[in-house]
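Below is one structure, written out as C-alpha cells; comments come after it.
Values quoted throughout were computed directly from the atomic coordinates according to the rules given, and no laboratory measurement underlies them. Being a predicted model, the structure only gives us computed values, none of them experimental. A quick note on method: Cβ atoms are made from the backbone with ideal geometry, for glycine too, and the neighbour counts reach across all protein chains shown.
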Amino acid sequence: MNQSRRLSAWYFWYFAFVGVFQPYFSLYLQSIAMSAGRIAVLMSLGQLIRLAAPLFWGWLADHAGQRVKIVVMSLVAALAGFSAVFLTQDFLGLLLSLTVLHFFWSASLPLVEALTLAHLTDHPERYGRIRLWGSVGFIFAVLGMGWLLDIVPIAVLLWVSWALLLGTVFSALLLKEAVPGAIHAVFSLRRVLGQPKVVFLLIAGLFMIAAHGALYVFYSIHLVAHGYGKTMVGLLWTLGVVAEIIVFLLMPRIAQRVSLRYLLLLCFALAVLRFMLIGWQVDSLLWLLFAQCLHGATFGVHHVATVAALNRWFSSGQQARAQAIYGSVAYGVGGLSGGLLAGALWESAGSAMTFSVSALLALIGFCLVWYGVPASSDRSVVR
C-alpha cells in the first residue's frame with residue numbers, strides 16, 4: 001500500500017467518526033436527560049480546544065520531527081479518554097472525558113494534513129483525490145448510523161464511535177513519516193494582523209462558523225423533535241456533504257470566472273437564507289432538502305474561497321501558519337461562541353429564533369466582507 005492509499009484510509013476513518021459523533025452524540029446526551037445548555041457546552045468542547053491546541057501540537061511536531069508518532073500516540077490517548085463515556089452519565093464526568101478526547105484528537109488532523117501536503121509536494125492538485133475519502137467516510141457513517149438508530153437503542157452509538165476511533169488508530173499506524181523539514185515555515189503574526197483585509201476576512205469567518213453553531217449542535221435534535229426519523233436525519237446530513245463534495249470538485253473552474261469577493265458575498269447571503277429556512281420551514285421536507293443543498297455554499301464555497309484568499313495573500317513560507325490562525329479564530333472562537341449561544345437560546349427562545357440568530361450572524365459576516373474585502377483582493381498580496 002502506497003502513502004496515498006494510507007492517507008486516504010486514515011481520512012476515511014477519521015471523518016467516519018466525525019460522521020457518527022457530530023450528528024448523533026447530541027441525541028445521546030438528550031436521551032440521558034441532559035439540558036440544552038449542557039449539551040451545547042459538551043458539543044462545543046472541540047471548538048474551545050481548537051483555540052490553541054492545534055498550534056501547540058504543530059509546534060511540538062516541528063520541534064520533535066516525529067509527526068506520525070505524535071499522531072498515533074494522540075489518537076490512542078483520545079480513544080482512552082472517550083472510553084470513559086461508558087463509565088458515567090454525569091455532566092462533569094462527560095466533560096472530563098470529552099475534554100481529553102478533543103485535546104488529543106485535535107492533534108491528528110493538522111499533522112496528517114501537513115503529511116499529505118508534504119507527500120504531494122510535486123502534485124498538490126492530487127490533494128482532493130485523497131481528502132475525498134474523508135467525505136466518503138462521513139457519508140458512510142452518517143447514513144449507516146441513522147439507519148441503525150431507528151432499530152437499536154441510542155447507547156449503541158457509543159460502541160460504534162469507539163470502534164471508529166480504534167480504526168483511526170490502526171490506520172495511523174500505517175502512515176509513513178514525511179521528509180524532515182518538508183513541513184516547516186517561518187511566520188510573523190504581526191504580518192497577518194497588520195492587514196485590514198485579513199482581519200476582516202478572519203472576523204467574517206468567525207461569524208460564518210458561529211452561524212453554523214446551532215446547526216452542528218442542535219440540527220439532529222431539531223429534526224427529531226419535528227417527527228423525522230433517524231434515517232431521514234442521516235440522509236439530510238449526507239445531502240449536505242454531497243453538496244460540499246460537488247462544490248470542491250467545481251470550485252477550480254468557478255474561481256476562474258468569479259472573484260473571491262463575490263464568492264464570499266454569495267456564500268454569506270445564502271447562509272442567511274439557509275438558516276431562516278431551517279428555523280421556519282422545518283416541517284417542509286422540500287425546503288429542508290433545498291437548505292441542505294446550500295451547505296455546499298455556506299461551508300464548501302466559504303472554506304475554499306477563504307483558503308484560496310489566504311494562499312494568494314501570503315507567501316509559501318507563511319501560508320501554513322496563516323491557515324492555522326484562521327482555524328483558531330473561525331473554528332475555535334466562532335465555533336465555540338456559536339455553539340454556546342445556540343445553547344443559551346434553544347430552550348428560552350425556541351428553535352426558530354435560534355436559527356434566526358444564526359441568519360443574523362451570517363448577515364453580519366456579509367457586511368464585513370462587503371466593507372473590508374475589496375475587489376482588488378484577488379490580485380493583491382500581503383507584503
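Structure notes:
- Mean shadow area of region 18-117, taken as a quarter of the surface of its Cα convex hull (nm²): 6.5 nm²
- Region 1-184, Cα convex hull volume normalised per residue, Å³: 111 Å³
- Taking 0.36 nm per residue of separation and subtracting the current Cα-Cα distance, fully stretching the chain between F290 and M353 would add 20.7 nm.
- The listed peptides 6-17, 351-362, ordered by packing as a protection proxy, come out as 6-17, 351-362 (highest mean of other Cβ atoms within 10 Å first).
- The sum of -39500 (n - 2.57) across all DSSP H runs of n ≥ 4, divided by the residue count of the chain, sets its helix-only mean residue ellipticity at 222 nm to -25500 deg cm²/dmol.
- A protection proxy built from the mean count of other Cβ atoms within 10 Å ranks the segments 170-177, 218-225, most packed first, as 218-225, 170-177.
- Mean Kyte hydropathy of 1.6 or more with a Cα span along the axis of at least 15 Å, helices from DSSP in the chain: 67-83, 156-172, 196-211, 260-280, 351-372
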